[in-house]
There are 6 protein chains.
Amino acid sequence: MVTGFTHFDAAGNAAMVDVSAKPVTDRSATARAQVAMRPETAAMIRQGTARKGDVLGVARIAGIMAAKRTAELIPLCHPLPISAVTLELTAGEHAVEIAATVRTTGQTGVEMEALTAASVAALTVYDMCKSVDRGMRIEAVRLVHKAGGKSGEFVQE
Amino acid sequence: MVTGFTHFDAAGNAAMVDVSAKPVTDRSATARAQVAMRPETAAMIRQGTARKGDVLGVARIAGIMAAKRTAELIPLCHPLPISAVTLELTAGEHAVEIAATVRTTGQTGVEMEALTAASVAALTVYDMCKSVDRGMRIEAVRLVHKAGGKSGEFVQE
Amino acid sequence: MVTGFTHFDAAGNAAMVDVSAKPVTDRSATARAQVAMRPETAAMIRQGTARKGDVLGVARIAGIMAAKRTAELIPLCHPLPISAVTLELTAGEHAVEIAATVRTTGQTGVEMEALTAASVAALTVYDMCKSVDRGMRIEAVRLVHKAGGKSGEFVQE
Amino acid sequence: MVTGFTHFDAAGNAAMVDVSAKPVTDRSATARAQVAMRPETAAMIRQGTARKGDVLGVARIAGIMAAKRTAELIPLCHPLPISAVTLELTAGEHAVEIAATVRTTGQTGVEMEALTAASVAALTVYDMCKSVDRGMRIEAVRLVHKAGGKSGEFVQE
Amino acid sequence: MVTGFTHFDAAGNAAMVDVSAKPVTDRSATARAQVAMRPETAAMIRQGTARKGDVLGVARIAGIMAAKRTAELIPLCHPLPISAVTLELTAGEHAVEIAATVRTTGQTGVEMEALTAASVAALTVYDMCKSVDRGMRIEAVRLVHKAGGKSGEFVQE
Amino acid sequence: MVTGFTHFDAAGNAAMVDVSAKPVTDRSATARAQVAMRPETAAMIRQGTARKGDVLGVARIAGIMAAKRTAELIPLCHPLPISAVTLELTAGEHAVEIAATVRTTGQTGVEMEALTAASVAALTVYDMCKSVDRGMRIEAVRLVHKAGGKSGEFVQE
């Protein structure tokens, strides 16, 4: 392989990697992201979640639904039978913190599903708050935990 | 409105805002993002793009296609007749830099389309490079320019 | 036309009706539905909505998102630039009542979008409550109001 | 759990239930629905099905295709490898009767797939006949049979 | 432009062409395709269409629905407000002949929608007949007519 | 069965065939297609692929992504856990040659996935080159190899 990346064949052409010989195992992945924002915006979100105008509730549903569509969005991702998705969203002083965990029993991992769920939840927070704060930034979208599969456990941060 | 957010009605329930009274105008939005990575990973991407194993080419297509599906992913987004999408991706020393620009002639803006295109392109870079660098992070997903519509021009950074 | 239905041509074959000669006008449609259930289930929903476990909030998002995908589900529906979607859901003594209103500025009406939004919201209520009440029934999915377009206003019930 | 519903965690947040520990078994579900209409409309459908203008044939395809997309529409549904879908549609004196049966070999049931297939078939009947009868109503969308899985057989009506 | 193709920018990168400055006009396109098959297979289709087992009716619906999803499948296609889709399918002695016509009022043409409708209808014929004839071939998928837009009328064959 | 086709029940109604009793086996399928074009167009593609304006690279991604969506497009296809997709595209003197191979471990074959991947890759080549050559034709879309499953190996041409 020219590049060292597994998503290209010997000629350098993109391909969906063949996972048919890999064992079916339980796998999970957790990704995190944050949406940095003005303190006033974060305060409005905290207030709304407690009573009315539940920004985080809408973003949670968007993230769960996006996890299921990862293979449609990411060209070389395998479709996987997702067995669980959970999203935690908390509004702090200056940011909304997001953690997405996805599980499967399959032949390849769910890192991309977790990262996609966290990203789309973050984009949804942006969408719902952009009328009051257009300068928000999505930061630190990363994999923090991964278990199952040949490469074993991965923990970051 | 309890919360100040436009995506909730007086009772605090989420709703797709009524844009039917807004004028149809030319609108554009540009969003940026970066994928921070190890220098070796960035070098592999630069090498591949020049010859074989075109990570950035695949990510560009993923971003363009994602822009068209924004309204399916973000719950309260309006479907819009997108008239142009361009993505620039460049691999630097420690990161891939992404800029996505979307245009429409419609009743509401395309910020979410540009942010979604940039995010999905970034996720695709992650997917294609994760076999060599699982610690990559997507950073600084933000709107940098917006034109058209009642709120006028927006420039950030 | 053999059948009297507009969705078939002279030979009896299904076709998407040509609306290109129809004027672009503001149109709206409201559909209603109800999910009949045991009083205990309805009580649990009312309790959850007020505090935690917001069944109606999730169903509202599902209905809004489904409205945008109507043309993918209903074979002969035209894709339309939807300009607003609102869903009201209320849990009564024996049922959840659903009303969905959709608006567009286009060449054909949004009845199917409103009916699809109400139906998918009802199905989501069923999904979220089926662990405690498998005998729920979705009843009375119907168009209650329609405005705009050549056929004028329609009011039912 | 505050609410008693399985789709919420201890904090009352919606989540896709973890089914990874459940055994893979053969499962099936049958749902029914009806579209109540004027006798003239029902007569037109019966006539069309026999010769030209096959309303029920189009609705059958729409229902089968919708079954496959259930997990995209219903936020907390698991994606499932559907192994069979059949729809029976019959036009009676005052209504079209619909029965949808779905099978899978998986970790959770296909009630929502059967209910979604029946609902979308009913909506398609509405769409194709609305030019002659806008007052049709979709009634009695319900689960009538379910087999496989821990909760055993369910029969209603 | 290096290549002469309009879908690449000056640097050779793929992009969705900007059509925002093009006038909104009525446009139509017709594409044709054929599915070559054994005479016995064609006879079975002709028999089924007349009575039971309507292969062409199912393929017609698949083609109409595919036309609406063209922009999801073809990376650089613009989403368009389709105003009509018709498909003609006829089973001859050795082949099924398919003609798909699509109309829009928009800023760019519907060639790809017509070609996609014809292709997916042809694939559906293959799917439904493959249990009796695996050697079928889809041939001569081509644009035969195009009207509207700056480039004027196009007629082939 | 009236027609001899497996996709219809005894009454002649379309249905998704029940595969739940079939064994889970490794399966693969390869389909081929070609896009016939003017020599000048083929030359432009060859030139672009080597340097800038990579028509074949974009078409490859489109074909891979389409393979994953086959069950959404072809009404009676089963959703399958695809484990690999590869596409080879080569620009010759008068045509682009396409070969698509898909693998799964499942209860039914992936012929339709391979044929859909080849067709959508061909349509994408058409889309990207239509500004210089509107008379291109997609020819000879056919299954050339199939392995796994009860019917054994199939080789054509």
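None of the figures in this text is laboratory data; all of them are computed from the coordinates on show. The shown structure was predicted, so the numbers you read here are calculated from the model rather than taken from an experiment. Note that we place each Cβ from the backbone using ideal geometry, even for glycine, and neighbour counts take in every protein chain shown.
Counting Lys +1, Arg +1, Asp -1, Glu -1, what net charge surrounds E:H78 among other residues with beta carbon under 14 Å of its beta carbon?
Numbers: positive: B:K68, B:R69, B:R103, E:K22, E:R27, E:K68, E:R69, F:K130; negative: B:E113, E:D18, E:E72, E:E111, E:E113, F:D127.
Summing Lys and Arg as +1 and Asp and Glu as -1 gives +2.
From other protein chains only, count the Cβ atoms within 10 Å of every residue's Cβ in E:124-137, then give the mean.
Values: counts 8, 0, 10, 11, 9, 5, 9, 6, 4, 0, 7, 5, 4, 9.
That works out to 6 on average.
For region B:107-154, what Kirkwood radius comes out of the mean inverse Cα-Cα distance, in Å? Could the numbers behind the result be given before it?
Working: mean 1/r = 0.0795 Å⁻¹.
Value: 12.6 Å, from the Cα pair sum.
Compute the whole-percent fraction of alpha carbon pairs in region B:1-41 spaced more than 15 Å apart. Numbers along the way, then the final one.
Working: 560 of 820 pairs.
Of all Cα-Cα distances in region B:1-41, 68 percent exceed 15 Å.
Helix F:39-50 versus the longest principal axis of chain F: what is the Cα-based angle in degrees, 0 to 90, to the nearest 10?
Approximately 90 degrees, to the nearest 10.
For region E:24-76, what does the convex hull of the Cα positions come to per residue, in cubic angstrom?
Cα-based convex hull of region E:24-76, divided per residue, equals 125 Å³.
One decimal, nm, shortest first: give the distances between the label point of B:E40 and those of the same position in the other copies, each label point 7 Å from Cα along Cα→Cβ.
Inter-copy label distances (nm, one decimal, shortest first): 4.8, 5.0, 6.1, 6.1, 7.8.
If packing is taken as the average count of other Cβ atoms within 10 Å, what order do F:90-96, A:76-82 fall into, highest mean first?
Values: F:90-96: 17.4, A:76-82: 22.9.
In decreasing order of mean packing, F:90-96, A:76-82 become A:76-82, F:90-96.
For chain F, what is one quarter of the convex hull surface built on the Cα atoms, given in nm²?
Average of the hull's projected areas for chain F equals 10.4 nm².
FRET efficiency for A:T90 and F:S151, Cβ-Cβ distance as r, R0 = 60 Å, nearest 0.05?
About 0.65, to the nearest 0.05.
What whole-number distance in Å separates the alpha-carbon centres of region D:10-32 and region C:13-63?
Spelled out, the Cα-based centre of one part sits 23 Å from the other.
Is there a pair in C:K68/C:K130; D:K68/F:K146; A:K22/B:K130; A:K146/D:K146 whose C-alpha atoms are over 28 Å apart, and which pairs would that be?
Beyond 28 Å between Cα atoms: A:K146/D:K146.
Treating the angle as unsigned and between 0 and 90°, give the value, to the nearest 10°, between the Cα long axis of helix D:111-129 and the longest Cα principal axis of chain D.
20 degrees
Using alpha carbons only, what's the Rg to Rh ratio of the protein assembly as shown with Rh from Kirkwood? Could you put the intermediate results ahead of the total?
On the way: Rg = 25.7 Å, Rh = 27.6 Å.
Using only Cα positions, Rg/Rh for the protein assembly as shown is 0.93.
What stretch of chain F, leaving out the sites themselves, is the longest with no trypsin sites (Lys or Arg not before Pro) in a DSSP loop having at most 11 other Cβ atoms within 10 Å?
F:52-149
Work through the residues other than C:R69 whose Cβ is under 9 Å from its Cβ and net out their charges, Lys, Arg +1 and Asp, Glu -1.
Result for the local shell: -1.
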